[in-house]
Every structure is written in structure tokens, then in C-alpha cells.
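> Sharing a structure below in C-alpha cells format, with a few things to ask.
The values are calculated or read from the model by the stated rules, or taken from the named source; none is laboratory data. The structure presented is a predicted model; accordingly, all values stated were derived computationally and were not measured. Cβ placement follows ideal geometry from the backbone for every residue including glycine, while neighbour counts extend to all protein chains displayed.
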């Protein structure tokens, strides 16, 4: 048996059998696609098309902006009908700039050319090509993949790790993908290995997905890629925990994985890289798990980006009963959707419609310091102490207790017998700290501005003073000369 | 749009009242046995204790404007009162229980802010204050054999509980072993002859044939209750093990060096409140440290102090003082014994990056 | 009489001497608290605390005439920094913290009179005579001077509304 | 040697200077908001108390008694203690300014701490030898520090608890001090 490196963690009931029985089905084109410009971490993309333009499938519609950003491509050919605000798939319900695209049904590809003989190419070229295709981490974090690959190539990494953990309950998109497209994933792994010049590739898959493990091992035979099984326990799929489980390396705090010679990507990201390099196909669709007992038919769908969640559910299944909560992503780290009329974006690994007893909501009661959260925390923090400090308004004390190391996995809130909203408290505190930092930075800048203005005003006053003095002196001299002229006559 | 709901949208079905209910379940066998052992007055005492505790809890919850029914239902007041009742002498007068539960629920728990906010263990703090304030009532022990032979009927038991039948109590009274050992040892008698004429035997103490506090008599049933809690994962094993080691090891060592003066480990563990403390008092999560190693140290401290006070101090039963003293040390323990944060050294600064490859397996 | 005065006087003198030497050896210069407080302040000399300049306010606060919460634009961050600089407990009730604000110009009313950007302590307003003025959000510290001088009331301090990027979770009610 | 150890335990725990003799209560309430401050204060008081105990014994036996000036005892003791405290203050301001900032006014106030003068006078009253008075001074200072740190830990915990507004701050601290004193009564008769 392998040594269990994960400290703490919880064992929520998986509910994976709801959606991992059937194969991935393709979702036909809806009548309108809503391409959000904020589908990734970092600055939103800037639109390149105007209302009324005709675009073809795979054509670049929004360019990436700034260092950390990702472009957006048209999932199908059609006409741009609007460039307006639309509710974003975000708990706040705030709007985001969206390109509305009306498919013309021709599904006509733009002229895209695959990369011929990629392994002979310079690794940097692979990275830029991945960036140009708009590929982001499809595990849910949506960090632009090219930036990660580029910096890993620069700092030099030994190991590329593909994350097939998928430890969130309900989600089976990676599971089905590994079962059906194992060869494409291995191909993507080799390409990414070449892109970052990694010496070894390890793929970690949780042991509750035996068929996926078997298919991937079969596809990886002979390619030198190790496919390892990891114990299935939440949050095994989190980057720091999977790295420690597979390689025994503990990523130092506040450092990027590349600094420890590692880079980690989701298996779906690897497949997207394979499609981009081999077929020249940008990231225009993704696998979405549709699950939750409030739905009649659960399953996995390959959905073009920009499809509304409501269109997906109306087509793919109906409602068994009124869902108590709609979630994008998994139940542990996923976010509550304000309503179903929000577009699918690159990070939507799942759309869940959960019933009351699945969520099991209970009123919070006082913390009895039972320390089950301390046992459950995979990062070795003290959730109850941090929460007590935050509730008293002392966010700095929570920061000293290690709030910045909290990955927000939700294990503590899951096990808390008093069902306290611990992760909510921690995210509020992180927001508060970030806000204060922003204010402090701004104050430093304004101090400089105020000083500079003071100097300028003082200088101007001095100059005006000299000017007046000079003018007065000139006037006095002139008066003296006139006086001199009058009296000699 | 109402407040967005955050965080994990799933929850384990652990809940506070379930935990408290299992603790009560674990306490019932020992309590029923004590009812049988000490007869009706014990039952009356238990009823008064639990009843008054719920009364005080409700009163103070109302005073602080909290939802009375919701807080009463979590059963924490019930558990505290139950444990306090087990620590009182079996035929104690009603007002002792009434005052004890006032101290435990109101003074130690509610004014600190209710459930989860108290810093001292309510039952132990109340027992200590009663012991200091009413030394006579708190040490009138009843010998079980006398009771089992001549059961006082319900009427006299009511009189006993209401304190109007002192002569009846004398008929049944008998000192506990802790008292006899402490007083006689004081007068220089040898331990061995002391134990022989008191027909003291391990088996009898195990079954509780010897007088002692209300619930401390049957060590066996308490042990079973404790193991049930351990199996159900309601409590963790570190603190109980700490208490048993903390009290047992010094007793065994002392007995080894001076067998005549110091009683052995078994004696110390099975008499008095050590077993009750080990499984039900020291494992109270509110007043125990948060880390596993911290709980072990906490238990060791309780056991050692209990043994010290029993052997050298003035009071025959030291476990209540020991628990209170260690409760005061819990914040210090929590501050210095913390889990190592992932990716950081024990002192807290980030681990060195790549050159020293830190291939340390996940250390729990 | 003398026998009681002399030993004590001698002892006192000896100990005093010892202390004098020790204070010379262990001398540490006292940093000026007022200067340290002034560094914490925004330095915009906005006068909202009733003092002509931040320096004067810092002096008053160091002496103890002003509570640590004397600087409204500084908000909670500055108040807390001053509080633990002075080692004083901070009573947050005095903080009128209804969130950050920014000056905003209503384009239809602005007549380009250039009065506002002349008084703005951080040059946060750009514009020219008879031209439309605009406020730089990064530089504006919401000190309110422009609002007072604007003849057409077109510039107002407006609370900042969160966008998708700046939105953060609020504290859960327990 | 073992009776010195016994005496140390007796002074530190059994008749603890704060919780049993009720001396030195103002720093107990004043400095115990932070554990580091409490530890710093404890160390400073230990340093002062041990030096003062030794100095007061020497003062008593070599100066006051030969000259028959017992009536000046308190005056001279305070003089010595004040000097030691002033020296400690300079030391701490030089060595760790944050601790100096944390202790604030309570550092010079050690002079007026009744535990310091009390222990010095008790030494004389009990007629201890030099070594005994040193042990007595150090033991009671250890007891002082132990209680101060424990109490500071409790107060730090109370600061983050949801204590009802009526009891917030000093009232709950006084109640906890009382309970702590009740707990320390368990040590009665231990040595």
C-alpha cells in the first residue's frame, strides 16, 4: 500500500456514480453564445470584434491584456449580435462584459494550422502557441497555462505532474475524459514535457477511478510516463497535497511550484494542449459534469464555451424537484450561481443542482473547540483560532496564525459539528487584508504626489516672488531714470 | 439578491447534540448502577442537580437574550449537571446540588458567554468551590453495603435529601478508602495492615463495593462508557491515556520505592474520580487543548497533579484541583504546541526552496 | 541622629553614582514619536482633522491631545497603526467607516473653471480652462476639498461600488 | 540541597505570592493582556526580586543591625529596589525596545510592586539565611511569573471569546483571577 502523505482531509460521499456511467455526449450549438471576457485569472480580455461582424469558428475575438491574461476564441462561425454586460457566473451576481454570438449553423472553421513536427520545435514556441490558443487551467483555477509553462521553462523544472485527482464529489468530467481520450491526454503530456523540458512526467489518479487508471496506464505504456494511483480523500487533488503524495516534496510556503522543480496541470488542460498543437484547435469547448439529485438525467457533456447553464440543463435533462442550490464547480469549493442564465466559462468543471438533504444545511451553533477542524486541515492550520480572531475583528492575528496558507478547501467547514461558516470567515478576512494592503499602497503613492505638489507650489510661489521683485526693481529703475531726466532740465 | 451563500455546499452529519447525547449514553450505566447502589436519595440528588442546571441555564440564557430552547436542546447543561452529580457524595443535601449547578452553569459557563466560551471545566470548578465552601457536606460518605442491605424507602430518602434526617445518614456512613489511607498514613500506620482489615480488594473496588462519590464507585462501568465514547470517536484517546499514565506511573514508582507508605498504581487509578475524570472530564473539548500532543500533555499534567495532591496535599481527592489547574494552562499549551504548517518550518518561516530538497513525508 | 542620616545618605549617593554610570553605558537616543506618526499619515494636509497640517496633527496625537482615530481619510488602517505605535487601545467606535469614497465629476455640469484642480492636494484632477475635468481614481484620497470649492456642485464624493474584480465576501452573520 | 528545592516549590506553588498571599495584584491586572508582555514582566520582576532579596539581606545584616537602624529598614529597602528597577529599565530599553514598549508604565512600577518589597520584608521577618532568602526571593518571583503567564494566556483567550458585553474586559478578568486562586488552593499543604 502507498504511504498516505495527505495530512487531515475529509471523506465526503462521492456521488460520482450519478454521472460517470455514460460516455461524454456532445452538446449541439444553442441559439446564442455569450462569450465572457473574464474566463481566466488575471486581467479580462479586450474585444477585437464589433457588433455585426461575421466571425468563423476558432477565430480570435478577444485578445489577452497584460502579463497574466488569456485570449477568447469564437466557438462557432456566426455573427456578433451584441457586446454588453451580462450576469457573470459569480456568487455576487455582478455583470461582466460579454460578446453575444449568434451561430449561423455553418460551423465553418477559420484557417487554423497545426504545428508540424512539434518535438523538433523550440519549447518556447510551444508555450506561445498554447498561450495563443487561450488555454487555461481547466481544473477550476483557470490560471493561464502559457504563463505557467513559460515560467517553468525559464526556472527549469524536473517533473511535470498531471492532476487526475478530481477529489471533489459529483464531478466526473476528468474521469470520463481519461477513460475516453487517454491517448490524447498522453500526447498532451509528452508535448507539455517537451515544452518545459521536464525529465519525468507523473500522472496522479485517485484510486476511486479504476477504469480511468487502467486506460491511462495502457495509453502511457512505453512512453516513460508514470501513472500512479493516489488514495482518494478530499482534498488530495489540491496542488500541494498531490505533489507531496507523488514526490514527497513539500512545496515551501509563498513559493511557486516551479521554484521546487515541479509544474502541475490538469489532465483536461493536457488534452487541450494536444488538440491545439496537433489540430490547431483553440480552446472553444470543455467537458462539463451535470449532476445533483434535483436533475432527472445526470451526465457529462462537451459544451461550447458561452452556452447558458439554463440552455444546457433544459436540453440535457429536466428538474426532478426544485433544486435547493445551484452550484458551478464541485460542492466543496464551487460557487453558488445567482441564477441559471449565466454562461459556461473555461473554469466551469460542473453544474450541480443539489437538493436540500444533499446540502444538509444546519444553523451554526457556538464553537465548542472540539478541534475536528484542526484534524481535518490539510495545511496544518488552526481554523477555530483564526475564526475566533476574525469574528472579533482582528484579521492581523488570523494572518499571524497562517491565514495566507489556507487554500480554502472547505474540509474544516465540512467536518465542523457546529457547522460554522469557517471558509466564509477566512475568505472575508483575506479580502479585508488585501483591501488594506491596496489602501496602504495607494496611501504611499498619494504621499509622494502630495509632497511633489507641495514642492511645485512652493517653487511657483518663489518664482512669482522673484518675478515681482525683478519687475518692481525694473519699475523703480525706470522711475529713477525718468526722475533723472526731469530734474536735470 | 439575498446574501450569497459561501463555502462548502456539503456537510458531514456530525452535530453537537449527537455528540452530547452519546456522552449521556456512556454515563447512564454507571449512574443507574449508583442509583441501585445508593438507593432513592441518590436518585433525588441527581434529579435536583439536573433540574436546577436546566433552570439556571434557561434563566441566564433569557438574561443574555439568547434563544432559550435552541441552546437548551444542545444538551451541554445536561452533561455538565450529570457529571457534577456524579462527583457529589451520594446522599448530599438538595441545596448542595442546587448551589453546585448554579456555580457550574451560571458562574463558570454562562457569564463567560455560554457554550464553548468557558475557560474552566464547569463541573470541576463547581466541585472545587463546593469542597472548599462546604467541607463537611462534601465528605459525608455512605458505605454501599449498608445501603444494599437495608434500602431506605422513598419517604425517608426524601427526608434525607431535604436534610431533615441526619441520624439516618450516620447509620450508613463509612469513610472512603482515600480518606482512611490519608488519615491513617498520617498517623504512621503501615499501609499493609491498613488494607487488610478493610477487606480491600481490587475486584470489589472494580465493582464499586466501596464508598465514594455518587458515580465514582463503579470503575468498570465508567471504563466501559469511556471505551464506548472512544470507539464512537466522540473523544480522542490522548487525554484519557495522559491521565491514566500521569496518575499511574508516579504511583507505581513511589510504591516501588516505599511500598509501605505509598499505595500502588491500581489503587490510585480505581479509587476516587480518576476514571470518571479520564474519560468524561478531561475530554471536555471546550476546556482542553486543540492539538493531539497538547491533549496528551494536558492529561499527563492532570494525572500527575492529582497524584501529588492526593499524596502530599491536604485534600484526599485531588483530581478536581488538577483539572482546574491544567485548564488554566491550556492557553499556554495551545500557544506553544501547534501543528507544523505545510511548507513552513516549526517556527513559521517558509521552508528552504529547491537546493536542499526537502523530501519529508507528510508529518502528522 | 547623625548615625541614621549618614549611612543612608552615603548609600543613596553610591547608588546614584552607579546609576549615572549605567545610564551612560546603556544610553539609547529616544526617537521622536511625532515624526513616526506623521510618516503613517496620508500627508495630504487636507485639514479634515481640524489641524492645519499632518505634522501638527501628529504632534498633537503624540502628546495625547488627539485620539488615534483623528484622521478620517486614513480610515481604520491609519488609526490602528497609530494605536499600536502609541501602545494605546483603539476604540473603533469613533471611526466613521462607511467605506472608501472617490470624487466623481458630473460631465454635464462641469464648466471647466479650474478651481478644483488648483486645490487638490494630490493633483488627482486633470483639466484646463473651459475644458472638461476628470478625476484620476488612483490619486484621489477623497479629502473633499474639491467638493467645497466647486461652483456648480458637479464634483461629489461617491462611495466606490465593487466590480467583479474588486468584489469581496462580507462578514458572515452568526 | 533537597530542602532548598522543597522551599522553592513551597514559595512558588503552595503559598504563591499572587494567588495565596495576594501580593503584586496590580501588575497581574495591568500587564496580563499579552502573553509576551506577561513573560517579559515576569522575567523583569524575577531579576529585580532576586537582586532585591539578596541586597536587602546584606543591607539588613551588615548595615542596619550593626548600627541598630532597624527603623530605617523600609526606607533603605525601597531605595535599593528603586535602584535595581531603574537599572533593569535601562537594560530592557537597550536590549529589547518592543518589550519596553509593551510593558510601558508597568516597568518602573515594579518599584511599587508590593510583592517585591513584601518578599524582602518577609525574608527579614522569617530570619532566613542569605541562601534561603535568595531561594525565597527567586521562588516567589517564579510563582509570580507562572501566575502572570497563565493569567495572560487566559486573558488572551477571553479576548477572542464572545463574552457578554456586561462582563467584557476587566470584570471577566477579575472573575478568572478568582477562579485561578481557587484552583491554586489545591496546592495547600503540598510541602
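> From the list D:75, D:148, exactly one residue is within 20 Å of the chain's Cα centre (by Cα), free of Cβ contacts under 8 Å to residues at least 12 places away in the same chain and outside any loop (DSSP other than H, G, I, E, B). Which is it? So that I can check it myself, show each step before the final result.
On the way: D:148 fails: free of Cβ contacts under 8 Å to residues at least 12 places away in the same chain.
Residue meeting the stated conditions: D:75.
> Regarding region A:24-34, can at least one residue be identified that is within 20 Å of the chain's Cα centre (by Cα) and at negative phi?
Yes; the residues of region A:24-34 include at least one that is within 20 Å of the chain's Cα centre (by Cα) and at negative phi.
> Which of the residues spanning region A:92-116 are buried (at least 20 other Cβ atoms within 10 Å of the Cβ) and closer than 26 Å to residue A:326 by Cα?
Within region A:92-116, the subset buried (at least 20 other Cβ atoms within 10 Å of the Cβ) is A:96, A:98-99, A:101, A:103.
Residues satisfying the conditions are A:96, A:98, A:99, A:101.
> For residue D:11, state whether it is out of contact with any strand residue (DSSP E or B) (no Cβ under 7 Å at 6 or more places or on another chain), part of a helix (DSSP H, G or I) and in contact (Cβ under 8 Å) with a residue 60 or more places away in the chain. Show your work before the answer.
On the way: out of contact with any strand residue (DSSP E or B) (no Cβ under 7 Å at 6 or more places or on another chain): yes; part of a helix (DSSP H, G or I): yes; in contact (Cβ under 8 Å) with a residue 60 or more places away in the chain: yes.
Against the criterion (out of contact with any strand residue (DSSP E or B) (no Cβ under 7 Å at 6 or more places or on another chain), part of a helix (DSSP H, G or I) and in contact (Cβ under 8 Å) with a residue 60 or more places away in the chain), residue D:11 qualifies.
> So which residues in region A:294-334 are part of a loop (DSSP other than H, G, I, E, B) and buried (at least 20 other Cβ atoms within 10 Å of the Cβ), if there are any at all? Full working, then the answer.
Residues of region A:294-334 that are part of a loop (DSSP other than H, G, I, E, B), as a first pass: A:294, A:296-298, A:305-307, A:317-318, A:320-324, A:329-334.
Within region A:294-334, A:294, A:298, A:305, A:306, A:307, A:323, A:329, A:330, A:331, A:332, A:333, A:334 qualify.
> Can you pull out every residue in region B:308-319 that is buried (at least 19 other Cβ atoms within 10 Å of the Cβ), at the interface with another protein chain (Cβ under 8 Å from one of its Cβ atoms) and in a helix (DSSP H, G or I)? Walk me through how you get there before you give the answer.
Applying the first criterion (buried (at least 19 other Cβ atoms within 10 Å of the Cβ)) to region B:308-319 yields B:308-311, B:313, B:315-319.
Now restrict to residues that are at the interface with another protein chain (Cβ under 8 Å from one of its Cβ atoms): B:308-309, B:313, B:315, B:318.
B:308, B:309, listed by residue number.
> Here's a check for you: in region C:1-16, which residue that is within 7 Å of chain D (Cβ to nearest Cβ) and either over 21 Å from residue D:85 (Cβ atoms) or modelled with pLDDT under 80 (or both) is surrounded by the fewest Cβ atoms within 10 Å (Cβ to Cβ)?
Once the filter is applied, the top-ranked residue is C:3.
> Kindly evaluate residue A:12 against the criterion of being surrounded by fewer than 15 Cβ atoms within 10 Å (Cβ to Cβ) and more than 25 Å from residue A:132 (Cβ to Cβ). Steps first, answer last, please.
Values: surrounded by fewer than 15 Cβ atoms within 10 Å (Cβ to Cβ): no; more than 25 Å from residue A:132 (Cβ to Cβ): yes.
In short, no.
> Right, here's the next one. Quick check on this structure: which one of C:126, C:137, C:89 is within 13 Å of chain A (Cβ to nearest Cβ), over 24 Å from residue C:161 (Cβ atoms), over 13 Å from the mean Cα position of the chain (by Cα) and surrounded by fewer than 20 Cβ atoms within 10 Å (Cβ to Cβ)? Steps first, answer last, please.
Working: C:126 fails: over 24 Å from residue C:161 (Cβ atoms); C:137 fails: over 24 Å from residue C:161 (Cβ atoms).
Checking each option against the conditions leaves just C:89.
> Let me ask you something else. Does residue C:74 satisfy being assigned by TED's automatic domain parsing to the domain that holds residue C:60 and modelled with pLDDT under 85? Before the answer, list the steps.
Working: assigned by TED's automatic domain parsing to the domain that holds residue C:60: yes; modelled with pLDDT under 85: yes.
In short, yes.
> Can you list the helices (runs of 4 or more DSSP H) found entirely within region A:359-455 that contain at least 3 residues being more than 7 Å from every other protein chain (Cβ to nearest Cβ) and in contact (Cβ under 8 Å) with a residue 12 or more places away in the chain?
Numbers: elements: A:372-376, A:383-391, A:395-400, A:411-415.
In region A:359-455, the matching helices (runs of 4 or more DSSP H) lie at A:372-376, A:383-391, A:395-400.
> Give me the pairs, please: first residue somewhere in region A:4-22 and assigned to a loop (DSSP other than H, G, I, E, B), second residue anywhere and at pLDDT below 85, beta-carbon distance under 6 Å, and either six or more positions apart or on two chains.
Close Cβ pairs (under 6 Å, with a partner that is at pLDDT below 85) amount to A:5/B:361; A:5/B:362; A:7/B:362; A:7/B:364.
> Within the bounds of region D:128-138, is there any residue that is within 21 Å of residue D:78 (Cα to Cα) and either without any contact (Cβ under 8 Å) to a residue 60 or more places away in the chain or within 14 Å of chain B (Cβ to nearest Cβ) (or both)?
yes
> Determine whether residue C:87 is at pLDDT below 80, in contact with a helix residue (DSSP H, G or I) (Cβ under 7 Å, 6 or more places away or on another chain) and under 30 Å from residue D:81 (Cβ atoms).
yes
> Quick check on this structure: which one of C:151, C:159 is under 23 Å from the mean Cα position of the chain (by Cα), surrounded by fewer than 17 Cβ atoms within 10 Å (Cβ to Cβ) and more than 8 Å from every other protein chain (Cβ to nearest Cβ)? Before you say what the answer is, go through the steps one by one.
Details: C:151 fails: under 23 Å from the mean Cα position of the chain (by Cα).
Sole residue among the options that is under 23 Å from the mean Cα position of the chain (by Cα), surrounded by fewer than 17 Cβ atoms within 10 Å (Cβ to Cβ) and more than 8 Å from every other protein chain (Cβ to nearest Cβ): C:159.
> Would region B:89-103 turn up any residue that is surrounded by 19 or more Cβ atoms within 10 Å (Cβ to Cβ), within 12 Å of chain A (Cβ to nearest Cβ) and out of contact with any helix residue (DSSP H, G or I) (no Cβ under 6 Å at 6 or more places or on another chain)?
Within region B:89-103, not a single residue is surrounded by 19 or more Cβ atoms within 10 Å (Cβ to Cβ), within 12 Å of chain A (Cβ to nearest Cβ) and out of contact with any helix residue (DSSP H, G or I) (no Cβ under 6 Å at 6 or more places or on another chain).
> Take region B:250-277 and flag every residue that is outside any loop (DSSP other than H, G, I, E, B) and touching a residue at least 24 places away in the same chain (Cβ under 8 Å). Even if it seems obvious, please write down each step before you answer.
Residues of region B:250-277 outside any loop (DSSP other than H, G, I, E, B): B:250-257, B:265-270, B:274-277.
Correct list: B:250, B:251, B:254, B:266, B:267, B:268, B:269, B:270, B:274, B:275, B:276, B:277.
> Could you grab me the full set of residues in region D:40-79 that are surrounded by fewer than 20 Cβ atoms within 10 Å (Cβ to Cβ), under 16 Å from residue C:13 (Cα atoms) and within 9 Å of another protein chain (Cβ to nearest Cβ)?
If the condition is that a residue be surrounded by fewer than 20 Cβ atoms within 10 Å (Cβ to Cβ), under 16 Å from residue C:13 (Cα atoms) and within 9 Å of another protein chain (Cβ to nearest Cβ), then D:63, D:75, D:79 are the ones that fit.
> Identify, from the list C:113, C:140, C:150, C:154, the residue that is outside the structural domain of residue C:48 (by TED's automatic domain parsing) and touching a helix residue (DSSP H, G or I) at 6+ places or on another chain (Cβ under 6 Å). Reasoning before the result, please.
On the way: C:113 fails: touching a helix residue (DSSP H, G or I) at 6+ places or on another chain (Cβ under 6 Å); C:140 fails: touching a helix residue (DSSP H, G or I) at 6+ places or on another chain (Cβ under 6 Å); C:154 fails: touching a helix residue (DSSP H, G or I) at 6+ places or on another chain (Cβ under 6 Å).
Of the residues listed, the single one that is outside the structural domain of residue C:48 (by TED's automatic domain parsing) and touching a helix residue (DSSP H, G or I) at 6+ places or on another chain (Cβ under 6 Å) is C:150.
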